[in-house]
Amino acid sequence: MDRFLDTFFNMAVLGRYAPAILDGALITVVLSLLIVSTGIALGAGLACLRAYRIGPVSFAIVIFADVWRALPPLVLILLAFFGLPNVGVVLSSFMVLYLVLMLVLAAFAEEIVWAGITATPKGQWEAARSTGLSFTRALVFVVLPQAVRMVIPPLTNRAIAITKMTALGMVIGVPDILGQATTAQSFSANASPLTLAAIAYVILFLPLVIASRWLEARFTPPGA
Amino acid sequence: MDALVEQFFNLEIMAKALPLVLKGLGITLLICAVVIPLGLAGGLLAALGSVSRNRALRWISIGFVDVFRALPPLVLLIFIYAGLPFAGLSLSPFVAVIIGFFLNNSAYFAEILRAGLLSVPKGQIEAARSTGLGRAQTLIWVTLPQAVRNVLPDLLSNVVEVVKLTSLASVVSLGEMLHAAGLVRSITYNASPLVLAAGLYLVLLWPLIRVIGRFERRITH
């Protein structure tokens, strides 16, 4: 038992590295907020664009969404981080992580919001158009709000799953929670920083997971 | 443009990387073959617990599911692979990956199966019990088949996520596909092996994503 405590809950080690892990938590939170806000906005924008049903545009959007949903994010992160500098595009590891996860979330959000748009009853479109709204206004003010409301549960789940992937930044040296913890662990030769990281992630994400459970009960339309 | 092709689509380097990357693909598939059935089994147990009438069992199951859905899989994997040895428990990369992904997947499969179990009307269970089926028989022959059918698209999308998840095993140097491709990249200073691996992931997963899309449309319309 003593050995267990010394290995995973060593107070001296915990105290020494807690500030670093807090710094990491700040990076994780900032990254997550950036990814969620811009990723969902871009995905919803693409879904709207697809509603105009312009052949080549829709085709390009579908290909983008399929490819970015099929490829493991870590593959994309490594490709961007190690590949782009060779063709003259040098991005910081933070930027690479942000861009890749933002685009992955956008791909999933596009598919989810698009499903909501197609599930909105036709009568809503017709009623909106017949009051004199243009196609764009009908889409933005009538259909999109209903579509988004319908897909809040899957969108939340996906957003949580992808923000958790900010931990992948450790592989390319982003000093987020996991990055700080693995560095601290190798300096201290003790597993306590990893325990602290696990606790930090649970503190950050458990409320979101529980909230998503509540949202699911609240927003899932009856019969779905 | 030439630089782009040279750096990302260098056929010569891809050809050299191919045998190692294919061997990695074999390990990727092996991980999936072990983790998917294990995750489904663990997920089913946790899902049954989470809809049980026993309050303690229900809270333990939901707690398990929520905590492992909150922990990023890479954190779990590194904790198991790099943390446990300090306590004298050294695991091979393969075993660490299997345990980490099993815990992570069980939680996700449990949440999906739970939704499936709750989607089966109570009358089905009552009818089954009234024909003389026992509780286990009702579960196996009546509840589960309907539950699984109702959440089949979600189960399949989680399978896609598991295949993508295996790429994390490269971080603990298990020679799966991404690790193999990364190795060749670091020797050749060229990103083409990573593009090759990405292409193989696409070949593997794109058809599955399309099939899931079709399933989802059939169920919602």
Quick check: anything in the range A:44-58 under 30 Å from A:Leu196 (Cβ atoms) and either under 22 Å from the mean Cα position of the chain (by Cα) or loosely packed, with under 14 Cβ neighbours inside 10 Å (or both)? no
Just to be sure, is B:Ala96 part of a helix (DSSP H, G or I), at negative phi and either within 12 Å of chain A (Cβ to nearest Cβ) or over 13 Å from the mean Cα position of the chain (by Cα) (or both)? yes
Residues being surrounded by fewer than 21 Cβ atoms within 10 Å (Cβ to Cβ), touching a residue at least 60 places away in the same chain (Cβ under 8 Å) and more than 8 Å from chain B (Cβ to nearest Cβ): count how many of those fall in the range A:188-203. 1
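Residue by residue, here is whether (1) assigned to a loop (DSSP other than H, G, I, E, B); (2) touching a Ser or Thr at 6+ places or on another chain (Cβ under 9 Å); (3) of a type in the set (Lys, Arg) holds:
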{"position": "A:Cys48", "(1), (2), (3)": "no, yes, no"}
{"position": "A:Asp66", "(1), (2), (3)": "no, no, no"}
{"position": "A:Ala80", "(1), (2), (3)": "no, no, no"}
{"position": "A:Leu84", "(1), (2), (3)": "no, no, no"}
{"position": "A:Val90", "(1), (2), (3)": "yes, no, no"}
{"position": "A:Met95", "(1), (2), (3)": "no, no, no"}
Just give me the residues in the range A:1-18 being more than 13 Å from B:Gly83 (Cα to Cα) and of a type in the set (A, V, I, L, M, F, W, C), in sequence order. A:Met1, A:Met11, A:Ala12, A:Val13, A:Leu14, A:Ala18
Given the criteria more than 19 Å from B:Val160 (Cα to Cα), in a helix (DSSP H, G or I), aliphatic (A, V, I, L, M) and without any contact (Cβ under 8 Å) to a residue 24 or more places away in the chain, does B:Leu57 qualify? yes
All but one of (1) under 24 Å from A:Met170 (Cβ atoms); (2) touching a helix residue (DSSP H, G or I) at 6+ places or on another chain (Cβ under 6 Å); (3) surrounded by fewer than 18 Cβ atoms within 10 Å (Cβ to Cβ) hold for B:Thr188, so report the exception by its number. (1)
Filter the range A:205-220 down to the residues that are more than 8 Å from chain B (Cβ to nearest Cβ), in a helix (DSSP H, G or I) and of a type outside the set (D, E, K, R) and list them by number. A:Pro207, A:Ala211, A:Ser212, A:Trp214, A:Leu215, A:Ala217, A:Phe219
So, in the range B:128-147, of the ones that are touching a residue at least 12 places away in the same chain (Cβ under 8 Å) and surrounded by fewer than 17 Cβ atoms within 10 Å (Cβ to Cβ), which residue ends up nearest to B:Val51 (Cα to Cα)? B:Gln146
Which one is modelled with the lowest pLDDT among residues in the range A:176-187 that are surrounded by fewer than 19 Cβ atoms within 10 Å (Cβ to Cβ) and more than 10 Å from chain B (Cβ to nearest Cβ)? A:Phe187
Just give me the residues in the range B:79-93 being at the interface with chain A (Cβ under 9 Å from one of its Cβ atoms) and under 19 Å from A:Leu168 (Cα atoms), in sequence order. B:Phe79, B:Ala82, B:Gly83
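Taking the conditions exactly as written (closer than 26 Å to A:Gly179 by Cα, part of a helix (DSSP H, G or I), out of contact with any Leu (no Cβ under 9 Å at 6 or more places or on another chain) and more than 14 Å from chain B (Cβ to nearest Cβ)), does A:Met102 satisfy them or not? Working first, answer last.
Details: closer than 26 Å to A:Gly179 by Cα: yes; part of a helix (DSSP H, G or I): yes; out of contact with any Leu (no Cβ under 9 Å at 6 or more places or on another chain): no; more than 14 Å from chain B (Cβ to nearest Cβ): yes.
Taking the combined requirement at face value, the residue does not satisfy it.
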Hey, could you check the range B:51-78 for residues that are touching a Gly at 6+ places or on another chain (Cβ under 8 Å) and surrounded by fewer than 19 Cβ atoms within 10 Å (Cβ to Cβ) and say which is nearest to the other protein chains (Cβ to nearest Cβ)? B:Arg58
Complete set of residues in the range A:46-91 that are in contact with a Phe, Trp or Tyr (Cβ under 9 Å, 6 or more places away or on another chain), without any contact (Cβ under 8 Å) to a residue 12 or more places away in the chain and more than 11 Å from every other protein chain (Cβ to nearest Cβ): A:Ser58, A:Leu91
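The values are calculated or read from the model by the stated rules, or taken from the named source; none is laboratory data. Small disclaimer: the values here were computed from a predicted structure and weren't measured. Don't worry about glycine lacking a Cβ; one is built from the backbone with ideal geometry, like all the others, and counts go over all protein chains shown.
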